[in-house]
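Input: a single structure, listed below in C-alpha cells.
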Amino acid sequence: MFECNVSEITPLRIPRVYRVKSICSDVDFEIELHEEVIEAPKVNSKVIFEITSSRDNCLKHNFCAHGYVVSNIQLGDVYRTIISLHGFLVVVKSKQRLELNEMDHVYLGASFAT
C-alpha cells in the first residue's frame, strides 16, 4: 500500500474525466478517473493506493478497478509502470522496480479522504 498526498488535479479533454497526481514517500501516482465514478479529491488530501492480485483486498477501498500492466520500464533512474484500467491509465513512477510484469492482471484500490 502507498499512502500519498494529492498534489494536482487536471481536467482532461474527455468530458468529466480528470487526472489525479499524487506524491507518496517513494513513488508518484497519476490516475485518470471519471467524475461519475468517484468525485475529484481535493489538493493536499490523503489517498491510499493498493496494487494487488486480490479482488477482496481491492474491494476494501472506496474505488476498485481491475486492469492490465501495459509496461514496466526504466527511464534513466526512474521506473515507470503503466496500468490500463480498460482505457483509463495509471502511471506509477518509482526509484525501485515494482514486482509487476507486462500483461499481469491487477486490481487497483484507492481510498480518497473525504
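The values are calculated or read from the model by the stated rules, or taken from the named source; none is laboratory data. None of the values given here were measured: they were computed from a predicted structure. Cβ: placed from backbone, ideal geometry, glycine included. Neighbour counts: every protein chain shown. In case anyone asks, the SASA skips ligands and DNA or RNA and just uses the protein heavy atoms, side chains included. Shrake-Rupley method; radii C 1.70, N 1.55, O 1.52, S 1.80 Å.
Would you say Glu50 is more than 22 Å from Ile14 (Cβ to Cβ) and either touching a residue at least 24 places away in the same chain (Cβ under 8 Å) or open to solvent by less than 50 Å² (accessible area, probe 1.4 Å) (or both)? Let's see the steps before the verdict.
Details: more than 22 Å from Ile14 (Cβ to Cβ): yes; either touching a residue at least 24 places away in the same chain (Cβ under 8 Å) or open to solvent by less than 50 Å² (accessible area, probe 1.4 Å) (or both): yes.
Judged against the criteria, Glu50 is a match.
Of the conditions (1) crowded, with 16+ Cβ neighbours inside 10 Å; (2) among the polar types (S, T, N, Q); (3) out of contact with any Gly (no Cβ under 8 Å at 6 or more places or on another chain), Asn62 satisfies every one except a single condition; which number is it?
(1)
Just checking, which of Arg55, Arg80 is in contact with a His (Cβ under 9 Å, 6 or more places away or on another chain) and of a type in the set (D, E, K, R)? Explain how you work it out, then say what you get.
Working: Arg80 fails: in contact with a His (Cβ under 9 Å, 6 or more places away or on another chain).
Criteria check complete, one pass: Arg55.
From (1) closer than 16 Å to Phe29 by Cβ; (2) modelled with pLDDT under 95, pick out the condition that doesn't hold for His86.
In the conditions (1) closer than 16 Å to Phe29 by Cβ; (2) modelled with pLDDT under 95, His86 misses (1) alone.
Quick one: in segment 82-114, which of the residues that are touching an Asp or Glu at 6+ places or on another chain (Cβ under 8 Å) and among the β-branched types (Val, Ile, Thr) is most open to solvent (accessible area, probe 1.4 Å)?
The qualifying residue most open to solvent (accessible area, probe 1.4 Å) is Val91.
For segment 25-114, which strands (runs of 3 or more DSSP E) that fit wholly inside it have 3 or more residues that are more than 17 Å from Cys4 (Cβ to Cβ)?
Details: elements: 27-34, 46-52, 63-75, 78-85, 88-94, 105-112.
Answer list for segment 25-114: 63-75, 78-85, 105-112.
Quick one: in segment 8-42, which of the residues that are in contact with a Ser or Thr (Cβ under 7 Å, 6 or more places away or on another chain) and more than 23 Å from Arg97 (Cβ to Cβ) is most open to solvent (accessible area, probe 1.4 Å)?
Residue satisfying both the conditions and the ranking: Arg19.
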